[in-house]
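Before any comments, here is the structure.
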Amino acid sequence: MSCTNHKIDHLRLQIPRFDCVPGCHDCCGPVTASSEEMARLPVKSDAAHEAALVELNCVHLGPQGCEVYDQRPLICRLFGTTKSLPCPHGRGPEQLTEPRTEQQVHRLIASTRQVLV
Ligand code: SF4
Ligand code: SF4
């Protein structure tokens, strides 16, 4: 497993989970991810990507919410868990993500080639 994959796994564990408003996906939209994260996601057709983009949606957002929840990219996991990415509905974990972890996520994003999910 690559160094980046190790970092991704490590960072995933550092980001606390919380319960969203049931059925809410207001923070979903076009997001980017590293090629290592993309490799964990199912491949979607160009047509599916285009259809999602036209509606400013994420291609993995289905009628029941995120269809790749267990493998969603780091930026999706971070949302709602930091002061800079607050949930508009006031949801979030009791303990926010440590600033150090947030910085590591942003550093990883900045140091990897990001592609539209
Ligand atoms: S973090 Fe907030 S906006 Fe995003 S899905 Fe959860 S409840 Fe909705
Ligand atoms: S991968 Fe899932 S959580 Fe992230 S934007 Fe897409 S649907 Fe939302």
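A few comments on the model shown:
- Unmet criterion (only one of (1) in a loop (DSSP other than H, G, I, E, B); (2) surrounded by 12 or more Cβ atoms within 10 Å (Cβ to Cβ); (3) of a type outside the set (Ser, Thr, Tyr)) for Arg17: (2)
- Enumeration of residues in region 80-100 that are open to solvent by 50 Å² or more (accessible area, probe 1.4 Å), closer than 19 Å to His10 by Cβ and within 14 Å of ligand 1 (Cβ to nearest atom): Leu96
- Restricting attention to region 26-41, the residues being among the hydroxyl-bearing types (Ser, Thr, Tyr) and open to solvent by less than 50 Å² (accessible area, probe 1.4 Å) number 1.
Rundown of residues vs (1) part of a loop (DSSP other than H, G, I, E, B); (2) among the aliphatic types (A, V, I, L, M); (3) without any contact (Cβ under 8 Å) to a residue 12 or more places away in the chain; (4) surrounded by fewer than 15 Cβ atoms within 10 Å (Cβ to Cβ), yes/no style:
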| residue | (1), (2), (3), (4) |
| --- | --- |
| Arg12 | no, no, no, no |
| Cys24 | yes, no, no, yes |
| Val43 | yes, yes, yes, yes |
| Arg77 | no, no, no, no |
| Glu102 | no, no, no, no |
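- Checklist (1) touching a residue at least 12 places away in the same chain (Cβ under 8 Å); (2) of a type outside the set (Phe, Trp, Tyr); (3) within 16 Å of ligand 1 (Cβ to nearest atom) applied to Ile8, failing item: (3)
- Test result for Val59, touching a strand residue (DSSP E or B) at 6+ places or on another chain (Cβ under 9 Å), surrounded by 14 or more Cβ atoms within 10 Å (Cβ to Cβ) and farther than 26 Å from Glu98 by Cβ: yes
- Meets criteria (in contact with a helix residue (DSSP H, G or I) (Cβ under 7 Å, 6 or more places away or on another chain), among the charged types (D, E, K, R) and either open to solvent by 70 Å² or more (accessible area, probe 1.4 Å) or closer than 24 Å to Thr4 by Cα (or both)) for Arg113: yes
The values are calculated or read from the model by the stated rules, or taken from the named source; none is laboratory data. These figures come from a predicted structure and were not determined experimentally. Virtual Cβ from ideal backbone geometry, glycine too; neighbours counted across all protein chains shown. Accessible surface is based on the protein model in full, side chains and every heavy atom, while ligands, DNA and RNA are left aside. Shrake-Rupley method; radii C 1.70, N 1.55, O 1.52, S 1.80 Å.
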